[in-house]
C-alpha cells in the first residue's frame, strides 16, 4: 500500500481546460449583465434567459472545475440527482401560487 | 453459504472481547464503533418514547370526560405539542434507521464499520445536542413556557405566541442535521463497502429499506432546516415571507413544511418494512416472496414520496387544480405499498409459521399497517378529505401507520435482534402477554377515533360535545392498556439482555450475515471479510428440510 | 496505527498519509470521500433551492416591488463579486491540479489567492450591507404598505423624476432605511426591520451564502495549514480536493444568486 | 352507549348530510370506505387464514416448506388490479370536489371574519339612513363555548353553553357563499353536516359555498389549531323555512333602522342605555376573555378603575383618557401596556367606541 496507485495522480494536466473554462465564465458573466439591460418582451422571457445563462455557467463550473467530467459514473449520477428536485420544488410551488391567486382575493 | 472462518476458532475465542466488553461511560460516548453508536441511539430513543408516551397518556386522561378533568386548556395544548414533537423528531425519525440500521446494516453487507465512523459519532452528538435544546425549550426559563403550537409550528400562530417556539424549532433543526449526516453515511457505506460477492440482488431487504430511507433523509431534510430558519428569521425581523399583513402568505409555510414532513413519514415507515421483510421469512421458514418487487417498491416509495406533499393542504386554500394533481400522485404512492403488503402475506403461504414474539409483532405490523394504508384512501380523495381533514379520522390514520407501522415493527426488531446484541434470550411467555396488551390496547384506542372523525370531531380539541363522550372513554381505556403493554415489552427486553438465558449466536437459525458471527458481536465484526456466494433467503430449499429449517421448535 | 487506523508512508523525506483509513484501501477512501462530499453538496443545493422557491414565489406575487427595490442594488458591486468568486474558483482548481503533480508550493500560492479573494468578497459584502443600513431613496412600490403610510405621515416622500428606459417619468420616492437594525424583533408592522420583502429575501439569501463563504474559508485555511506542513503528495491530497469542491459549490450558488438579485431591475 | 353500538354496527357513521353537495360527498366517502372495507376483509382474511393454516403445531418437527420465490403472473395481476381500482376511486374523489369548489354565481354572499376564538358574520342585507348616509348591516357573532371558571360554578359545560350560542340564521333551499378572512391566525371554518370546510387565512379571502336542504341546527367547528380556546370556537347554523327567515330578516332590519334614526337624532341621550350597550359589546366583542371587571389580573389590564388611571406603556407613561381608549380599541398595536402582549385586532368599529368608553367609565 506504500506507493499511491494511478487513480489518484492524473497523468496529463488539465490546466489548459481550466484556463479556457475560466475565460468562458468571464465572457458569460459579461453577457449576462449586458442581456439583463435589454428587454425581450415580457418578464418571464427575461428571467428564463438569465437563468439559462446562469445554468450554462453552473454546468461549466461543475464539469471542469469540479472534475465531474472525469468523475466516476456513480458520483455524476448523484450530483445530477439534486437538479430534478430543485426544478420540481420551484415549479410546483410557483404553479400552485399562480393558480391560487386567481381563486382567492388577496388583501394586498 | 458465506464461508466465514469464525466457527473454526469459536471455542478458542470464547472469552474473546466483544463490542460490549469495554466498560465506562466515556468509552461509550467516545466510541466510533457503529454498533455502540446504534445502541446509544436505541436507548435514547426508547427513553424519548416513554416520555412521549407519558404525554399521550396525560392527553387521553384529560379527554376521558367532557369539560375540565384535571388540566386547563393551555397545559393541554402544550402536552399535545410536546407529545408530537418528542415522538416524531426525537424518537421515530431516527427510530429504526439510526439504531438497528447503524448496528446491523454494516454487518449485513459484510463491512467492518460505516464509511465515515467519526462522522457517525458526530451525528449522534448533534442528535443529543438537539435533544438538550428541546429539553431547554421544554423548561424555557426565558419566559412564556413551552411551545403550544402543535408539532407543525404553523405560522402565523407560531409567530404570535411568545412561547418557546424558537428553541423547539432549533432543536428540530439540529436533529434534522444529524439525520442528514446519518443518511449520507449510510448511502456511501451501502454503495462502496459491500463485501465481495454481495451484489445488489444478494443484499438483505432490510439493507434495501435502509438505503431508500437514507436517500430520502439526504434529499428531504435540508428543506426543513431552511424552513425553520425562515421561521426564526421571520420571528426576529418581524417582516417577511409568512406574514399575511405584508402580502406574505402563511400557507407557503405549510408548503415548505410538508415538502419535508411527508417524505419524513416515509423515512419512518421504510425501515419498518425492511425489518418485517427480514422477520417474516425467518419465522415462516420460507424465502421472501417477490424479493425484486419489494426491493424496487422501496425505491419507488422513496421516489414518489417527494411529489405528494400537498395532500396535507387540500383544505388550506390550495388551488383546486393542484388538489386534483396531488390526489392523483398520492394514489400513485399507494401502489408500491400495496405490492409490499401482498408480497408479505404471500410469504406466509406454504410456510411453517413459528409464532414467537418477533413474528407476532411482524404479523401485527402487516395487519395494522394494512388498515393504516386503507384508511389513507378516503383521505387522498379531495372530496372526502374536505370533511375528514383535521378530524380524529386523520389522527387515527396516522397513528395506525406510524404507531401500527414503525413502533410495532421496532418492537419486532427489538425482540428479533436483542438476543443477537446481548447474547441472551428474552422471556417468551411474558413477551407474548405484553404483545396482546399492545395489540388489543392499540385497536381499542384508535378504532373509536375513526368513528369520531367521520362524524366531524375536530383534532386538537381540549373539550368536546357530549355525543363523543363514549368514544373518548373507550379510547382512554385502550390508551392505558397500550401504555402498560409497551412498558412491559421494553422492560422484558431490558431485563433479559442482562439476566436472560444465553442463547448462542443464531437462536432463530436465520441466514443473514449478522447471525453468522458470535453474539454479542466481536469488535470488528468479521475476522476477515466473507465472500458472499448466494441469496440470503434460502430457507426450505428442496430436500434440505433440516439444513435451513429451524431446529426443533427454535427455543 | 493511530486511533483512526490511518496508514502512513514516506514521500520526499516526510512521513505522510498513504490515504488508507479504518483499514480501507486508499483508492476506496479517496472515492468515498468525494462521493460523501458530493452528497453533502446535494443537500446544500437543496437548501438554497427552497430559498430560490421563496424568492420566485414572492417575485411572482409582486413583480413591480421587486423591480423597484432591485434598482437599489449596484450591479457594479455584484459583477465585481462574481468575477472575484469565479477567479477564486479557477485558482482553487489550479491548486488541486498543482498538488496532483506534487507541486506543493504552487498549491499553497493558489490557495492563498483563493482565500484572499474570499476575504475581498466578504469585505465587498460588508460595504454593501453597510450601505443598506443608512437612509436611501426608494420608490413607493419598493416599500411595505404600513411603513409607507408612516413615511408619508413624516413627509419623507417626494415626487422626483426618474430615468426609465430613457424617458423621464414621475416617481414618488421616500427616504427609508432598507435594513433597520434597531427594529429587529419588533412586532409593530409600521416599524419593520426590512423596508420590503425584497430586502428581507436579499439579506437572508446573501447572509446564508456569506455564512457558507466563511465555512469555505475555514476549510481552506485548515487545508493550507496541513499544506504548510507538507502533508500532501500525489498519493494523498483528499482534503485539498474536498475543500475545493465545497468552494466551487459556494461559487456555483453565487452564479445563480447574482442574476436573480442584482439583474432583476 | 347506544350510539356507539350503532356506530360499530354501521361501521362508518357520518353526520347526517344536510346540503346539496353533502349528499355527493357522503356518497364518495361511503363508496371509498366500502372499497377499503372489502379490501380490508380480503387482505386481513388471507393473512389470518395463512397464519392459522400454516402455523407450527405444538412440538411439530421441521417440515419441507414451499420454496416459492416469485410468481410474475400473480405480481402483475396485483399491481394492475389495484391501479384500476385506485383510478375509479380517484375519479369519484375528484368529481364532487370540483363541484364543491365552483362558487355559484347566484349565491348570497355572507362575509365571515374569524378571530381568536369566535366567528363574526355580516349578512348582505343592509339599511341606510338618508340624512346621515350611515349604513348598517345585520351582524352576528358566535360566543366561545369553552367553560370558564364562572360557567363551571354555574354547572354549565360545553353542551349547555353551545345551546345558548347565538344561532346564524339561514334559509333552506338558498345558496350561500361564505367569503372568509381572519384578523389574526389561521382558523378553519367547518360544518360537518354540510360536508364543507375551508381554511380562513389572514391576509386573503377564501370562499366556501353550501345550499342547506334540511331545517335544524348544525354545528360549526374550527378545525385548524388557533390557540388556547380553539376547542370552544363553535358556532351553529339555524336553517329555517324561507318564509320564517324573511320574517326574521325584516325584524332585524327594522331594529337597525330604528338605531340609525336614533343616531341621526343625536344618539341615545340617557347614559344608562349607552352603558348597557357598552356592557353588551364587552361580551360580544370578546373583551371578557382578557379584561376582567372586578380588578383581578388577566391576560390584559382590568377595566375596574381604569379610566383616569396613570398607565405605564412600553414607550413611557400616559393618562388613560377617552382618546387613548378609542385609539387602543381601533388600533391596538399603537400603544402597548408594559408587561402585556400586544392586543389582537378585536373587530371594534367606530360605532362601538362611544358605548364601550361609557361602560368603562362606569366601572369605578
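Since every read-out is calculated from the coordinates, none of them should be taken as a lab result. Keep in mind it's a predicted model, so treat the numbers as computed, not measured. Note that each Cβ is placed from the backbone with ideal geometry, even for glycine, and that neighbours are counted across all protein chains shown.
Suppose the Debye formula is applied to equal point scatterers at every Cα of the protein assembly as shown; what is log10 I(q)/I(0) at q = 0.08 Å⁻¹?
Values, matching the q order: -1.03.
Quick one: if the Förster radius is 22 Å, what FRET efficiency do residue A:23 and residue A:55 give, using the C-beta to C-beta distance and rounding to 0.05?
Computed FRET efficiency for residue A:23 and residue A:55 comes out at 0.75.
Taking only the Cα atoms of segment C:25-158, how large is their convex hull per residue, in Å³?
Hull volume over Cα atoms, normalised by residue count, gives 135 Å³.
Can you pull the mean other chain C-beta count within 10 Å for peptide B:386-399?
That works out to 4 on average.
Quick one: which of D:126-137, D:204-215, D:169-180, B:341-352 comes out on top by average Cβ neighbours within 10 Å, and what's the full order, highest first?
Descending mean neighbour count gives B:341-352, D:204-215, D:169-180, D:126-137.
Per residue of B:64-74, how many C-beta atoms from partner chains lie within 10 Å of its own C-beta, taken as a mean?
The per-residue average across the peptide is 3.
Sorting check: for B:60-68, B:478-486, which peptide has the highest mean count of neighbouring beta carbons within 10 Å, and how do the rest follow?
Output ranking for B:60-68, B:478-486: B:478-486, B:60-68.
Taking only the alpha carbons of chain D, what extent do you get along each of the three principal axes, in Å, biggest first?
97, 50, 39 Å, listed from the longest principal axis down.
Show me C:139-149, B:69-79 ranked by packing, highest mean number of other Cβ atoms within 10 Å first.
In decreasing order of mean packing, C:139-149, B:69-79 become C:139-149, B:69-79.
Using label points projected 7 Å from each Cα along Cα→Cβ, tell me how many nm separate residue D:248 and residue D:149, to one decimal.
Modelled inter-label distance: 3.5 nm.
Please give the average number of partner chain Cβ atoms lying within 10 Å of the Cβ of each residue in D:79-87, rounded to a whole number.
4
Determine the shape class of segment D:106-253: with a ≥ b ≥ c the square roots of the Cα gyration tensor eigenvalues, call it rounded for a/c under 1.5, and otherwise prolate if a/b is greater than b/c, oblate otherwise.
rounded
Taking only C-alpha pairs under 8 Å that are 6+ residues apart, what is the relative contact order of segment C:8-262 in percent?
After rounding, I find 26 percent.
Taking only C-alpha pairs under 8 Å that are 6+ residues apart, what is the relative contact order of segment D:268-362 in percent?
Over segment D:268-362, the number comes to 34 percent.
Ignoring everything except DSSP H segments at least 4 long, calculate the 222 nm mean residue ellipticity for the protein assembly as shown; use -39,500 (n - 2.57) per segment, divide by total residues, nearest 500.
It lands at -19000 deg cm²/dmol.
Give me the three principal axis extents of chain C from the C-alpha atoms, as integers in angstrom, largest value leading.
Result, largest extent first: 75, 35, 30 Å.
In degrees from 0 to 90, rounded to the nearest 10, what is the angle of the helix D:20-54 Cα long axis to the longest principal axis of chain D?
40 degrees
Along the Cα→Cβ direction, 7 angstrom out, place labels at residue A:15 and residue C:10. What is the inter-label distance in nm?
About 3.0 nm, to one decimal.
Enter the angle in degrees (range 0 to 90, nearest 10) between the Cα long axis of helix C:197-228 and the first principal axis of the Cα atoms of chain C, meaning the one along which they spread out most.
The helix C:197-228 is inclined about 20 degrees to chain C.
Once the convex hull of the C-alpha atoms of segment B:79-147 is built, how many Å³ does it hold per residue, rounded to a whole number?
74 Å³
In degrees from 0 to 90, rounded to the nearest 10, what is the angle of the helix B:34-62 Cα long axis to the longest principal axis of chain B?
40 degrees
Once you have a ≥ b ≥ c as the square roots of the Cα gyration tensor eigenvalues for chain B, tell me rounded if a/c is under 1.5, and otherwise prolate or oblate according to whether a/b is larger than b/c.
prolate
Please state the shape class of segment D:2-101: rounded when a/c is under 1.5, otherwise prolate if a/b exceeds b/c and oblate if not, all from the C-alpha gyration tensor.
Since a/c reaches 1.5 but b/c is at least a/b, the shape of segment D:2-101 is classed as oblate.
What nm value, rounded to one decimal, do you get for the distance between residue C:169 and residue C:133 when each label is placed 7 Å out toward the C-beta?
Output for this residue pair reads 3.5 nm.
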